[in-house]
Amino acid sequence: DKPDPARDWRTITDELILADLVVVEKRVTRLAKEVESGRMDNKLEYDVLLRRRKALEEGKSIRTVTILPAEKKTMRGYGFVSGMPVMALINASDTGSSKSSDEWGKTLNLGPHAGVHIVRGKLEAELATFDAADREAFMSDYGLTNSALDGMIAACYSLLGLITFFTGGSEKDVHAWTVRHGAAAPEAAGAIHSDFEQGFIRAEVTPVEDLLSLGSLAAAKKAGKSRLE
């Protein structure tokens, strides 16, 4: 009757923090004995974990703690759950949310490496029952340009710094690949097969706007819209 997202998020956050604190305490106890005995092999890991423990004991998620480049490799194997990026999904009424995504972010105090996505859950459930033609009319009536699921996937990709690119020799043979945002073409080629990256020579580039407006790669090439890089 009276949902309290801020309270619910705090509860979830506390559970994640406690789970990480158990992992840190166990490892710190073991490393302390090594450091005290004069073994310095894992001194950096020990120091980093002490800072993590202090933050966790103060109720802070690990993703809010600054990590230096030299420390990243040391922490790579831990997979702290409170250190992972967070997407808060707000389930609003049919009329939408009275708060914007930015306002929800402040209300929930999500911190860094976090995002908010608002969906109208009941509306989306109804949308899923329609066929393609009725779905388009229904979405138009409610001012929707895409489904909440599509929007959520895009929001998560953005949060993780990822993009999708496509390959295909025909309309029936199209594949989607994931690569980090800002990746160069050779790195994208490597997502398909490592040999493609190692033996990369060039890419034939056609702006998507030209491809869509002209209708095909052949037409884009004929119009001089394709180039080699």
For the stretch 168-186, how many residues are touching a strand residue (DSSP E or B) at 6+ places or on another chain (Cβ under 8 Å) and modelled with pLDDT under 85?
1
When the stretch 192-228 is checked residue by residue, the ones that are among the hydrophobic types (A, V, I, L, M, F, W, C), assigned to a helix (DSSP H, G or I) and open to solvent by less than 50 Å² (accessible area, probe 1.4 Å) are ALA219, ALA220
Going through the stretch 75-110 one residue at a time, which ones are modelled with pLDDT of 90 or more, in contact with a strand residue (DSSP E or B) (Cβ under 8 Å, 6 or more places away or on another chain) and part of a loop (DSSP other than H, G, I, E, B)?
PRO85
Which one of these does GLU71 not meet: (1) under 20 Å from LEU49 (Cα atoms); (2) within 21 Å of the chain's Cα centre (by Cα)?
(2)
Positions within the stretch 171-184 being open to solvent by less than 60 Å² (accessible area, probe 1.4 Å) and farther than 23 Å from GLY115 by Cα, in sequence order
ALA184
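Can you find, within the stretch 140-158, the residue that is farthest from PRO112 (Cα to Cα) among those that are in contact (Cβ under 8 Å) with a residue 40 or more places away in the chain, open to solvent by 50 Å² or more (accessible area, probe 1.4 Å) and assigned to a helix (DSSP H, G or I)?
MET152
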Keeping to the stretch 34-45, report how many residues are in a helix (DSSP H, G or I), surrounded by 10 or more Cβ atoms within 10 Å (Cβ to Cβ) and out of contact with any Phe, Trp or Tyr (no Cβ under 9 Å at 6 or more places or on another chain).
3
Does ALA70 meet the test of being part of a helix (DSSP H, G or I) and over 27 Å from LEU89 (Cβ atoms)?
yes
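Mind checking whether some residue in the stretch 63-78 is in contact (Cβ under 8 Å) with a residue 24 or more places away in the chain, loosely packed, with under 11 Cβ neighbours inside 10 Å and either farther than 19 Å from GLY111 by Cβ or among the aromatic types (Phe, Trp, Tyr) (or both)?
Yes, the stretch 63-78 contains a residue that is in contact (Cβ under 8 Å) with a residue 24 or more places away in the chain, loosely packed, with under 11 Cβ neighbours inside 10 Å and either farther than 19 Å from GLY111 by Cβ or among the aromatic types (Phe, Trp, Tyr) (or both).
The values are calculated or read from the model by the stated rules, or taken from the named source; none is laboratory data. Being a predicted model, the structure only gives us computed values, none of them experimental. When we count neighbours, we look across all protein chains shown, and the Cβ atoms used for this are built from the backbone with ideal geometry, even at glycine. These area figures cover heavy atoms from the full protein model, side chains too; ligands, DNA and RNA do not enter into them. Shrake-Rupley method; radii C 1.70, N 1.55, O 1.52, S 1.80 Å.
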